[in-house]
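Notes for the one structure printed next.
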Amino acid sequence: MNLLENLKLSTKTVIMISVLLFIVFIIFIGFTTVSTGKVIHEGVIDELESMSKCNALQVQRFMDMTQSTAYSMNHYLQNQYKKEESEFVNQSNYISKIYDKPINETSFEIENYITETARNAVISSPDVLGVAVMFEPYKFDSNIEDYAFYCSESDRNDSIQPFGTYSHYSKEEYYAKAAKENEMVLTKPYQYHGATIVTAALPIRYNNDLKGVIMSDFNVSNLSRLESKNERYPSLYTTIIDQNGVMIYDSQVFENIGKELPQFYHKDTWNQISSKMKEGKMFSLKINDYDGQDKIEFFYPIKAGNSYWWSLIEVESKDINVKIDATIVGLIILFILALIVTVVIINAVLRKMLKPIQRVTEATTDITKGNFDFDIPISSKDEVGQLTSSFMDMAKNIEHAQYQLAIKNEQLEKTIETLKQADAEKRAKNTFISNISHEFRTPITLILSVIQLFQVNMGNCISKEKGNKYLNVMKQNCYRLLRMINNLIDISRVDAGYNHLDLKNVDVVKLSSDIVMSISQYALPKNINVQFTTDLEKMEVMIDPDKMERILLNLLSNSIKFTPNGGEVITNISRRDNSIIISVKDTGIGIPEDKKELIFDRFHQVDMTHTRMNEGSGIGLSLAKAFIKMLGGTITVHSNLGKGSEFIIELPFRVFDNEKYMQKSISMPEDSNKNKQRLDIEFSDIYYPLVN
Ligand code: ADP
């Protein structure tokens, strides 16, 4: 059943119909087989019966031919004897043709009639070998004692000869037997000159007075013309038996002629046969007698004088069954072919009919995958066609609804994104305000406390040294305020798109080296070793030196800020293909993995608590990244927490080739006040009194 469940609808239907058809066909075949078998069997029986009858009739014809000569002679003689009784018999004025003796007129007429009738019989029928008429002494004519003649085929033209003496022929079996009977008698078959002969003998009686015997030889060898072979029934066997059961003819074994048929049967079987024979009618019976084979035998009677001869036809049952079997096998093959053709046609028709349903099923799978690019042609107006049409409409509606949903979803996502951004911006702003407030408060608080110190000590004379110290604290905190304000201005410029590049051909090696050298003093208090390394002597590229300085100062100040005492900050510049690579590497506190990307976001600091190591607004790196982006470069960070960080800037290697734009390489002006102020501002986050 599970197997069926997994099959396609058309296959399942075909299987069901096939099974039903198979059952119907089996019933039909069964019924047809039985009825056909019966009809064939009856037909075969009829055919064999008629063969038997046909043989019997042939023998009957021989028999009648033989007998009719004798009967017609007897009839003639009866009339003559009657005539003789009533009429005066002439003198013996006639001469017998056979005996050449005088005979009376009646005898002469009789002689003429019986000799010519005998001659005609042997001439006209090859089955009649000879006809003889024999009389009792002086019963033919008072002038002849032993009147007898035998006419054979060889006497057709010659004169007929006498046939021995009464003492001779009266002792013959046929004569003696006939003399005793009133009816015709037949002898057993016997051989005579190579032919098998049966003799029929009819007594001539008038008023119970035996006058003589008419005898006729019947050539049994000619029975070989009987139906004894048939292609359809190889086991066909034919025999003719006489009234005593003696075999007159045998289609298979010539030597059996003369044997008695009962010896081939069990006693019971023969009793059964002989009791049926007594009825003198055709009969058939099944036997399984002498060789273990089932056989059917057909007996047909042949009237032979006052008794019956029998025509017997025997066929083995298997010959009959072969015919039935062949017909049944033919029928079964025909039915199987019909079944196959029917199933193939049903299969083709069903598949065609159910194809749209299969397409609909496939389409539903497509729909679940979101694919609406299909078309199912509507080929009929029946339920399947209607279903297909409704499905196509439904699919279009779903597609439309999905499209609408996708648009709505997109809008919703955009709204959510906008809301998220607004929320993030709001939170960033809040954080920024809180940070910036703190950042602003610290220097302002410090400036205020210094001012208060001044006010308190105003009366006392403040030493120059102390006064300078207070002023430096105020100056540094003012720088911090300035740095924050500058950064804020720059970032808002970047945001507003006002920050333009001022590009020049600049020797970046010198520029970078100068910047690194200039900040080294800020590393001294922490005893940080600041180095600049490169393999390049000079590398002029198109760059905005101001922005470059801001970027590097931010990275360097961060490195010094986040590197503990005694650490190292190494700046390196190199060229890789069409890029300039500037790296700032420190042995500082490092950056946690999850913060590496975030530190480039605005206002983001790794340590957001107020207990953090150094001051800062969280704007520097985002500003540096914005500048690098403006220069067409990228910035990445590698860091090991607790071991250090490396910021890598990759800038495109570009040079102005037009002289007009070529400017003298610039570098940081050494120890200029303006420059020192810029550095002080940039490094103002670091708590060291840097003023003298
Ligand atoms: P800030 O003004 O706070 O330094 P930045 O944008 O320059 O702002 O830096 C953002 C944060 O990145 C810093 O607060 C710090 O947590 C982290 N950071 C930057 N440079 C380094 C570094 N070299 N070593 C460790 N942390 C660093």
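Each reported figure results from applying straightforward, stated rules to the coordinates on display, with no laboratory input. Since this is a predicted model, take the numbers as computed values, not measurements. Heads up, the Cβs are rebuilt from the backbone with ideal geometry, glycines too, and the neighbour counts pull from every protein chain shown.
Tabulated data for the structure shown
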{"quantity": "Chymotrypsin sites (Phe, Trp or Tyr not before Pro) restricted to DSSP loop in region 36-137 with at most 11 other C-beta within 10 Å", "calculated": "F88"}
{"quantity": "Kyte-Doolittle at least -1.0, axis length at least 18 Å by Cα - qualifying DSSP helices, the chain", "calculated": "9-86, 105-124, 317-368, 383-456, 464-496, 508-523, 545-561"}
{"quantity": "Region 408-562 shape via C-alpha gyration tensor axes, a/c threshold 1.5", "calculated": "oblate"}
{"quantity": "Student exercise, the chain dipole from Lys, Arg, Asp, Glu Cβ charges, in Debye to nearest 20", "calculated": "5920"}
{"quantity": "GluC sites (Glu not before Pro) restricted to region 1-95 and DSSP loop, no more than 13 other C-beta within 10 Å", "calculated": "E87"}
{"quantity": "Violating pairs (Cα-Cα greater than 32 angstrom) within the set K53/K318; K420/K561; K396/K426; K504/K595; K426/K676; K259/K303", "calculated": "K420/K561; K396/K426; K504/K595; K426/K676"}
{"quantity": "Straight-distance crosslink candidates among lysines, where the alpha carbon sits under 26 Å from K82 and sequence neighbours closer than 8 are dropped", "calculated": "K97, K101, K139, K177, K180, K211"}
{"quantity": "Fewest-first sequence of L236, L536, L20 by Cβ atoms within 10 Å of each Cβ", "calculated": "L20, L536, L236"}
{"quantity": "At most 14 other Cβ within 10 Å, DSSP loop - trypsin sites (Lys or Arg not before Pro), region 197-232", "calculated": "K229, R232"}
{"quantity": "Over the chain, relative contact order from alpha-carbon pairs under 8 Å, at least 6 apart, %", "calculated": "9"}
{"quantity": "Residue (of P592, N435, L448) at the positive-pole extreme of the chain, dipole from beta-carbon charges", "calculated": "L448"}
{"quantity": "Region 524-592-region 32-50 distance, computed between alpha-carbon centres (Å)", "calculated": "118"}
{"quantity": "Taking K676, K547, K381, K83 and counting other C-beta atoms within 10 Å, the order from fewest to most", "calculated": "K381, K83, K676, K547"}
{"quantity": "Contact order normalised by residue count of region 1-112, Cα under 8 Å, 6+ apart, percent", "calculated": "12"}
{"quantity": "Nearby aspartates and glutamates by direct alpha-carbon distance to K8 (threshold 13 angstrom, same-chain neighbours under 8 apart not counted)", "calculated": "E362"}
{"quantity": "Relative contact order (%) - criterion: Cα under 8 Å, at least six apart; region: region 185-259", "calculated": "22"}
{"quantity": "Region 214-269, dipole about Cα centre (Lys/Arg Cβ +1, Asp/Glu Cβ -1), debye to the nearest 20", "calculated": "140"}
{"quantity": "Total charge dipole magnitude, region 293-442, about the Cα centre, Cβ charges on Lys, Arg, Asp, Glu only, Debye to nearest 20", "calculated": "560"}
{"quantity": "Of L331, L501, I528, farthest towards positive along the dipole that unit charges on Lys, Arg, Asp, Glu beta carbons give the chain", "calculated": "I528"}
{"quantity": "Tensor-based shape of region 124-193 (alpha-carbon gyration tensor, a/c under 1.5 rounded, otherwise prolate or oblate)", "calculated": "oblate"}
{"quantity": "Farthest toward positive dipole pole in the chain [+1 Lys/Arg, -1 Asp/Glu at C-beta], among L412, G305, L621", "calculated": "L621"}
